[in-house]
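The structure appears right after this line, and notes come after that.
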Amino acid sequence: MSELRARDISFGYAGAPALFEGLNLVVRGGERVALRAPSGFGKSTLCQILAGYLEPDAGEVTLDGEPVRARPGKPNPVQLVWQHPEQALDPYVRIRKSIGEAAPVPGELLDGLGVRDEWLDRFPHELSGGELQRCCLARTLSVAPRFIIADEISTMLDAVTQVQIWEFLLEYCKGRDVGLVLVTHSDALLERLATRTLDLA
Amino acid sequence: MRRELETHAGEMAPQGRGADHEPGHDHEGEFKHHHHVHLPHDGAKHEHGHHLLQVEHLSIGFDMYRRAGLLSSERMFSKVIDDLSIAVHVGEIVAIVGASGSGKTLLADAIMGLYEPNARVSGTIYFDGVLQTAASLVGHRGREIAFVPQSVKSLNPLMKVGRQIGGSKERRAELFRQYRLAPEVEDLYPFELSGGMARRVLLATALISDPRLIIADEPTPGLDLELAIKAMDDFRAFADAGGGVLLITHDIELALRVADRVAVFRDGTVVEETDVACFDDPALLETAFARRLWHALPTHDFADVGEGAR
């Protein structure tokens, strides 16, 4: 079973006190771990460290003992899904090109996520937040990640869209033993999704 | 170029009763233009006081061009808001919830007199009983009608907080005390604010002009639960002091905490407007879409039951 491990992570933004020091966590494939901490703790920062967007000042993040990073021709097996999909897509690139950037997106993925054909030729500003998040998830899953880091991914969506996206994502992860790290401000949603909760503070 | 709201004189006279839309008039106790009809003897007073904002039969669409061939394009018209009516009374919070991308933000823009040049607009908007045009709405914006944006990103990143909030020094100090902001915050730049401080700064910016109506567009994402609840409590206090709030949000759970009425938005219109108490029980909800939202909430079934279920 695959294992995502953060070991002795320290991080602080330049000129500011350290957000965390010596932080450890382990997530196994098939688990859904919710990160809980007060506002300003650095949950989103930690998400970006886990997915390799930020280098920790000290410590390391490993997947099955190997450092987490993308290699030429091999996308990162730990994928981050962002809270604001409109900020996660190049505004000047049509959806089709954006979501196929890393790997071709299988048709059944598009169908499962409810991505409609006619969206693909549009630009990001021509789609709603919910539609964009479905596209972003298609892009994320196209590389068959081992771990998905979901940072408030359904905050901007209506309740029905939220359910549809999570139903698909949970089913996807279950079938493939993919591990999930999630952040949400809603205790009710956390209750529904997480198999384990990590209190960071 | 901003477009004038297209208004029809005939729509101004409500159901044969004498409406008085004179500006500056004391409206207490007299009939206000209503889209829901009052019984003859109710004194024309709503349980929450008189109308602060009435939007009636608002439609907004855009002329757009789509590529048809190599060198040709065809003109098309896309309607984003379709025959929408909604009202906010004095002392009331009305939450607009519903499908993402159904035109909620466009409604907020319309109330503030912001129209794209290619927009085609029809319908009527009354503020405090007075029929508005796009130009008069622009005049109210930032004065009687204030906007609370979603994030600190709406602040000018290069301007210190104090200057940005504006107003008199005394009024600023008063608001800072009220919202527990240290006087030093005036000299900070927006990027130096924590999420909680930013929220209070945005609120102070809206309140500096002593508005009567606040329009809040998704004011809570990015806030943790505690701060989000505080934000809601601030709106409640504002409404209780005689203001009105139009709260646009995806977060039904939060909206239900403070709102008096809920308007369910879908495909550019309000499909159901109901008392907040009706959300206690899906059987009290009229439309299939409202029930579908209800069942989808994590606190309820967390399931998409479609639109056939009750």
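The values are calculated or read from the model by the stated rules, or taken from the named source; none is laboratory data. Since the model is a prediction, treat every value here as computed from it, not as a measurement. With ideal geometry, Cβ positions are generated from the backbone for all residues, glycine too; neighbour counts draw on all protein chains shown.
Residue-wise test of (1) within 14 Å of another protein chain (Cβ to nearest Cβ); (2) under 20 Å from B:Gly103 (Cα atoms); (3) of a type in the set (Phe, Trp, Tyr); (4) surrounded by 18 or more Cβ atoms within 10 Å (Cβ to Cβ).
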| position | (1), (2), (3), (4) |
| --- | --- |
| B:Arg120 | no, yes, no, no |
| B:Leu131 | no, no, no, yes |
| B:Ala135 | no, no, no, no |
| B:Tyr189 | yes, no, yes, no |
| B:Gly195 | yes, no, no, no |
| B:Ala204 | no, no, no, yes |
| B:Ile214 | no, yes, no, yes |
| B:Glu218 | yes, yes, no, yes |
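Exactly one residue among B:Asp233, B:Asp210 is away from every other protein chain (no Cβ under 14 Å), without any contact (Cβ under 8 Å) to a residue 40 or more places away in the chain, charged (D, E, K, R) and in a helix (DSSP H, G or I), and that residue is B:Asp233.
State all residues of segment A:151-170 that are in contact (Cβ under 8 Å) with a residue 40 or more places away in the chain, more than 8 Å from every other protein chain (Cβ to nearest Cβ) and not in a loop (DSSP other than H, G, I, E, B); if no residue qualifies, say none. Those that are in contact (Cβ under 8 Å) with a residue 40 or more places away in the chain, more than 8 Å from every other protein chain (Cβ to nearest Cβ) and not in a loop (DSSP other than H, G, I, E, B): A:Asp151, A:Ile165, A:Phe168, A:Leu170. Of the candidates A:Glu118, A:Glu131, the single residue that is under 30 Å from B:His295 (Cβ atoms), within 14 Å of another protein chain (Cβ to nearest Cβ) and under 18 Å from the mean Cα position of the chain (by Cα) is A:Glu131. A search for C-beta distances below 7 Å between a residue of segment B:241-264 that is among the acidic types (Asp, Glu) and any residue that is crowded, with 24+ Cβ neighbours inside 10 Å and assigned to a strand (DSSP E or B), counting only pairs 6+ apart in sequence or on different chains, returns B:Asp260/B:Ile93; B:Asp260/B:Val94. Scanning segment B:248-261 for residues that are in contact with a Leu (Cβ under 9 Å, 6 or more places away or on another chain) and away from chain A (no Cβ under 14 Å), we see that the one that is farthest from B:Arg291 (Cα to Cα) is B:Val258.
When every residue of segment B:100-121 is checked against the conditions, at least one turns out to be of a type in the set (Val, Ile, Thr), at negative phi and part of a strand (DSSP E or B). When B:Phe289 is tested against (1) in contact with a strand residue (DSSP E or B) (Cβ under 8 Å, 6 or more places away or on another chain); (2) among the hydrophobic types (A, V, I, L, M, F, W, C); (3) assigned to a helix (DSSP H, G or I); (4) within 25 Å of B:Phe176 (Cβ to Cβ), just one condition goes unmet, and that condition is (4).
Of all residues in segment A:79-108, those that are at negative phi and part of a loop (DSSP other than H, G, I, E, B) have Cβ atoms under 7 Å from Cβ atoms of residues that are aromatic (Phe, Trp, Tyr) and at pLDDT below 95, 6 or more apart or on another chain, in A:Ala88/A:Trp82; A:Pro91/A:Phe123; A:Arg94/A:Phe123.
Is it the case that B:Ala68 is farther than 20 Å from A:Ser128 by Cα, surrounded by fewer than 22 Cβ atoms within 10 Å (Cβ to Cβ) and either within 14 Å of another protein chain (Cβ to nearest Cβ) or touching an Asp or Glu at 6+ places or on another chain (Cβ under 8 Å) (or both)? In short, yes.
The single condition from (1) at pLDDT 90 or above; (2) among the hydrophobic types (A, V, I, L, M, F, W, C); (3) crowded, with 18+ Cβ neighbours inside 10 Å that A:Leu127 fails is (1). Note on segment B:203-229: residues that are in contact with a strand residue (DSSP E or B) (Cβ under 8 Å, 6 or more places away or on another chain), more than 14 Å from B:Ala255 (Cα to Cα) and among the charged types (D, E, K, R) amount to 1. None of B:Asp224, B:Asp304 is within 11 Å of chain A (Cβ to nearest Cβ) and in contact with a His (Cβ under 7 Å, 6 or more places away or on another chain) except B:Asp224.
No other residue among A:Arg139, A:Arg146, A:Arg192 is more than 15 Å from A:Gly30 (Cα to Cα) and either touching a residue at least 60 places away in the same chain (Cβ under 8 Å) or more than 10 Å from chain B (Cβ to nearest Cβ) (or both) apart from A:Arg139. The set of residues from segment B:85-99 being assigned to a loop (DSSP other than H, G, I, E, B) and either of a type outside the set (Gly, Ala, Ser) or at pLDDT 90 or above (or both) comprises B:Val90, B:Gly91, B:Glu92. Assess whether B:Gly306 counts as being among the small types (Gly, Ala, Ser), farther than 23 Å from A:Asp187 by Cβ and surrounded by 21 or more Cβ atoms within 10 Å (Cβ to Cβ). No: the conditions fail for B:Gly306.
Report yes if B:Phe238 is within 14 Å of chain A (Cβ to nearest Cβ) and at pLDDT 90 or above, otherwise no. So B:Phe238 does not fit the description; no.
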